[in-house]
């Protein structure tokens, strides 16, 4: 779960789902001389077996009307 917060605004949350990557099936079909199980081992160890859904999300944070005083905007200091 991702939680987006900003002072003076209501928080927004996004639930992520983990799914099996459909391209993992390609690891079981050897290409030329490379055996498929090696690809599966590499994908499993790097996390490429799974993908997160949704891939993209857009949020519009709504102002929190219960906040009596909003903090003043502070300029960002460049690094």
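The values are calculated or read from the model by the stated rules, or taken from the named source; none is laboratory data. Since this is a predicted model, take the numbers as computed values, not measurements. Heads up, the Cβs are rebuilt from the backbone with ideal geometry, glycines too, and the neighbour counts pull from every protein chain shown.
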Next item on the list: Find all pairs meeting these conditions: Cβ atoms under 9 angstrom apart; at least six residues apart or on different chains; first residue within segment 36-56 and free of Cβ contacts under 8 Å to residues at least 24 places away in the same chain; second residue assigned to a strand (DSSP E or B).
Entry: 39/31
Next item on the list: Filter segment 49-79 for residues that are at pLDDT below 80 and surrounded by 10 or more Cβ atoms within 10 Å (Cβ to Cβ) and give the result.
Entry: 67, 70
